[in-house]
Amino acid sequence: ARCVNEERGELGFTGTYKGKPISVQAAGMGCASAAIYYSELIQLGAKKLIRVGTAGGLAEGLRMADTVVAISATPDDQIVSQLCGGDAHAPTASYSLVEQAVALARAKGARVHVGPIVSSAIFYDTRVGIMQRWKERGHLAVEMEAAVLYTLGALHKIETLCIATISDLISSENEAERISDAELQHGVDKMMEVACEVAVG
């Protein structure tokens, strides 16, 4: 692998996985930052973008280091609306990538959950009851980038997917249980293998 990008301090590397070319690009945090890098990767010719990262678990039954494959991402961020000219839009993953990721993750022994997540604009969200309301509407987890990824995928006709490792179990906007470093490393390693397989598949 070799470093091919240091723009704005976010590193990008290109190498191979099982003999096939693959690139990995950091994209910062939040839809505003991620949209810059996703857009520029698309300008450079990317046809398949897979976000890997962590998420806060909302749904009952989630455990630390579980894998979430996000079939859709509710945009709690104005950027999606701006990109769509104010029209309503439901940011959705490419289903073929969802299928591949779920099958591969289960084959590797991961606990996999498939469903909608929330992409929040605020990391330390203080709105009373917001986490519970998201949970009650069936969201599995909350993170900060998938909604803009899926929206750009729809606008530019490319394949997109978000896979996340549960790093926190959120009970409210003020209470969360944090994963241990060892658990997180184990979960992320499994997730990254799956993402690489899907990316080169």
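Determine, yes or no, whether residue 121 is open to solvent by 10 Å² or more (accessible area, probe 1.4 Å) and without any contact (Cβ under 8 Å) to a residue 40 or more places away in the chain. Judged against the criteria, residue 121 is not a match.
With respect to the conditions (1) under 20 Å from residue 80 (Cβ atoms); (2) part of a helix (DSSP H, G or I), residue 119 falls short on a single one, namely (2).
State the number of residues belonging to segment 1-38 that are over 16 Å from residue 193 (Cα atoms), in contact with a strand residue (DSSP E or B) (Cβ under 8 Å, 6 or more places away or on another chain) and in contact (Cβ under 8 Å) with a residue 40 or more places away in the chain. Count: 4.
Residue-wise test of (1) in a helix (DSSP H, G or I); (2) open to solvent by 60 Å² or more (accessible area, probe 1.4 Å); (3) aliphatic (A, V, I, L, M).
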| residue | (1), (2), (3) |
| --- | --- |
| 50 | no, no, yes |
| 62 | no, no, yes |
| 75 | no, no, no |
| 88 | no, yes, yes |
| 105 | yes, no, yes |
| 114 | no, yes, yes |
| 126 | no, yes, no |
| 148 | yes, no, yes |
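Only one of the numbered conditions (1) touching a residue at least 40 places away in the same chain (Cβ under 8 Å); (2) more than 20 Å from residue 160 (Cα to Cα); (3) in a helix (DSSP H, G or I); (4) open to solvent by 50 Å² or more (accessible area, probe 1.4 Å) is not met by residue 133, and that is (1). Here residue 101 meets the list (1) outside any loop (DSSP other than H, G, I, E, B); (2) within 20 Å of residue 120 (Cα to Cα) almost entirely, failing just condition (2). Of the residues examined, residue 177 is not one that is under 30 Å from residue 19 (Cβ atoms) and either open to solvent by 40 Å² or more (accessible area, probe 1.4 Å) or modelled with pLDDT under 95 (or both).
The values are calculated or read from the model by the stated rules, or taken from the named source; none is laboratory data. Here the structure is a predicted model, which means the values were calculated and not measured. Positions of Cβ are generated from backbone atoms using ideal geometry, with glycine treated the same way; all protein chains shown enter the neighbour counts. Note: accessible area is taken over every heavy atom of the protein model, side chains too, but ligands, DNA and RNA are not part of it. Shrake-Rupley method; radii C 1.70, N 1.55, O 1.52, S 1.80 Å.
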